[in-house]
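Here is the structure we will look at, set down as C-alpha cells.
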Amino acid sequence: MSSLLFLSGISFATFAACGIFFLKFFKSSHDRLFMFFAGACWLLALEKLGWLYINAARTTVGPSETMPDFHISIYLLRLFAFAMIMIGIIEKNLARKTLD
C-alpha cells in the first residue's frame, strides 16, 4: 500500500471525526460558526475520499511518487470548504458588531 494513500485515509478519518465534534459543539452552544466548521471538515473529508478513489489504482511507489491534485473536483471541494470557513468567521464578526 502506498504511504500517500495511507496518510490520505488517515486525513479522511481525522476530518470526518473533527466534523462530528464540531457538530456536537454546535448542538450544545447553537453557535453557527461550529456548523460552518463542521461542514468544512466534512467537505475536506470528502475531498480526501475523492483523492483516494482517483488514486487507488496508482501502482508507483518510491521517492518520485507525488500527490496529483490536478482534478478540478478536488480543487472545488477545497475551495468550498475554505469558503465555508471564511463565511462563518465573517458572519461571526458581523454578528458581534451588531450587538455592540
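Out of the stretch 62-82, which residues are at pLDDT below 80 and among the charged types (D, E, K, R)?
E65, D69
Taking I54, is it exposed (fewer than 14 other Cβ atoms within 10 Å of the Cβ) and over 18 Å from M84 (Cα atoms)? Write out each step before concluding.
Working: exposed (fewer than 14 other Cβ atoms within 10 Å of the Cβ): no; over 18 Å from M84 (Cα atoms): yes.
For I54, the condition - exposed (fewer than 14 other Cβ atoms within 10 Å of the Cβ) and over 18 Å from M84 (Cα atoms) - is not met.
Could you please find all residues in the stretch 7-58 being among the basic types (K, R), over 22 Å from Y75 (Cβ atoms) and in contact (Cβ under 8 Å) with a residue 40 or more places away in the chain?
R32
The values are calculated or read from the model by the stated rules, or taken from the named source; none is laboratory data. This one's a predicted model, so the numbers in the text were calculated from it and none came from an experiment. Counting neighbours? That spans all protein chains shown, and the Cβs are built from the backbone with ideal geometry, glycine included.
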